[in-house]
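Engineer: The structure under discussion is supplied below as structure tokens; questions concerning it will follow.
Readers should treat all values here as calculations from the given coordinates under stated rules, not as data from a laboratory. All values derive from a computational prediction rather than experimental measurement. Reconstructed Cβ throughout: ideal geometry from the backbone, glycine too, with neighbour counts over all protein chains shown.
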Amino acid sequence: MADGPYKYIRDADGKVSRVIRVGTRKSQLARIQTDSVVEKLKELYPDVHFEIVAMSTTGDKILDTALSKIGEKSLFTKELENALEKNEVDLVVHSLKDLPTVLPEGFTIGSVLKRENPHDAVVLHPKHKGKCLQSLANKSVVGTSSLRRAAQLKKRFPHLEFKDIRGNLNTRLKKLDEKDDFSAIILAAAGLRRMGWENRISQILGPDDCMYAVGQGALAVEVRARDQDILEMVSVLNDSDTVLRCIAERAFLKHLEGGCSVPVAVYTEVKNSQLYLTGAVYSLDGSDSLKETMQTSISSDNQAEEQEKVDEKVQRVSITALKVSEAPQDAAVKLGVDLGNLLLSKGAKEILTVARQLNDAQ
């Protein structure tokens, strides 16, 4: 590995190991996710010493305001990126859906790991055990902090009411179980599974009920774009199908100029060397929506010859995926942009503009 301003430690036997510091949020879920990535890196690089550095982010501290209202794109990432910039950490593990489609100058996503189930899940109040959203009583209150979830579910289940609920997974489950304010809450299935709380999932929402957020269910490792040795190190964690799906999703969102303050949803699939992308935009109440599907070929005929060049400039929607062929990555970007253009040509901009204005005014 290249020399540089690296930290080394010597163990009792006099063996010197390089230290890689891994930044993470302090929440229990963030720590579980980071530990799982560090475990994989330890297996691959037994001679490297990995140290975890946990910190709180703005999104962890502001718990009384809806995420879509805070108006800050990097709610859960800013403090971690500051540490990366100051060389206090060497890489950071995030939920990919927390990362904006354009990262600050000098940073890149060096790997996207194999995706956990990206769908949303319904967690019912214990007294409603055995029910589903459809069978909840009229005017039952469902908690979600996501405009995307609320917009889709309001349209699909008009008999329910949707209210904002914030906090990490533990906090939201506590609010559900210990009070009578909510009949159910909607959470990402991936987080519940990683926490070992799969038994709380009453219903997984398929794409007909609720399409998911861009990047949902995937973990990303963010690094300094100039650190080619770290890029190489984390690139072995890339899962090619997940990378291509997430590149297409992020390219679609970026082209629509969407963020967490507008309801944009996606659904992707890789089948027989084809990448399918379904994308949709919604008004806040779900009454107005546009949804389309497109596909592209992601087969790489000369995959063996086409080893990606190690070049920090080859970023696609802020992802530098070494070890994933270039042609399919370019096809995934084009698919996202083309689908974005198709929805824009049908009036997506107007729907999103109104959604943004209404959300700001509430």
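Engineer: Considering Cα pairs under 8 angstrom that are at least six residues apart, work out the relative contact order of the chain and quote it in whole percent.
Structural biologist: 19 percent
Engineer: How do 169-175, 179-185 rank on mean C-beta neighbours within 10 Å, highest first?
Structural biologist: 179-185, 169-175
Engineer: Let me ask something else about it. Could you sort 11-20, 195-204 so that the peptide with the highest average Cβ count within 10 Å comes first and the rest follow in order?
Structural biologist: So the order, starting with the most tightly packed, is 195-204, 11-20.
Engineer: Then there's this: Set the Förster radius R0 to 45 Å, insert the Cβ-Cβ distance between S135 and E257 as r into 1/(1 + (r/R0)^6), and round the FRET efficiency to 0.05.
Structural biologist: With a Förster radius of 45 Å, E is 0.70.
Engineer: Please compute the modelled spin-label separation between V236 and K15, points set 7 Å along Cα→Cβ, answer in nm with one decimal.
Structural biologist: The modelled label-to-label distance comes out at 1.6 nm.
Engineer: A follow-up question, please. So how long is each side of segment 107-231 along the principal axes, counting just the alpha-carbon atoms, biggest first, in Å?
Structural biologist: Dimensions of segment 107-231 along the principal axes of its Cα atoms: 56, 28, 21 Å.
Engineer: With a ≥ b ≥ c the root eigenvalues of the C-alpha gyration tensor of segment 147-190, is it rounded (a/c under 1.5), prolate (a/b larger than b/c) or oblate?
Structural biologist: The shape class here is oblate.
Engineer: May I ask you to list, by number, the DSSP H helices of the chain whose Cα span along the axis is at least 27 Å and whose average Kyte-Doolittle hydropathy reaches -1.0 or more?
Structural biologist: 326-345
Engineer: Could I ask something else about it? Report the full-extension gain for the segment I204 to L358: residue separation times 0.36 nm, less the Cα-Cα distance, to one decimal in nm.
Structural biologist: Between I204 and L358, full extension yields an extra 52.5 nm.
Engineer: If R₀ is 25 angstrom, what is the calculated FRET efficiency for the pair N272 and R193, using the beta carbon separation as r and rounding to 0.05?
Structural biologist: 0.35
Engineer: Here's another thing I want to ask about it. How many Å³ per residue does the convex hull of the Cα positions in the chain occupy?
Structural biologist: In the chain, the Cα convex hull volume per residue is 145 Å³.
Engineer: Can you give the extra length, in nm with one decimal, that the chain gains between D47 and D229 once fully stretched, where that is 0.36 nm per residue apart less the Cα-Cα distance?
Structural biologist: Between D47 and D229, full extension yields 64.0 nm more.
Engineer: A follow-up question, please. Given the Cα-Cα distance of K78 and K323 and 0.36 nm per residue of separation, how much length would full extension add, in nm?
Structural biologist: 85.4 nm
Engineer: Measure off 7 Å from each Cα along the Cα-to-Cβ vector at K26 and E350, then give the distance between these two points in nanometres to one decimal.
Structural biologist: It works out to 4.8 nm between the two label points.
Engineer: Give me the one-decimal nm value for the distance between modelled label points at R156 and K7, 7 Å along each residue's Cα-to-Cβ direction.
Structural biologist: So the two model labels end up 4.5 nm from each other.
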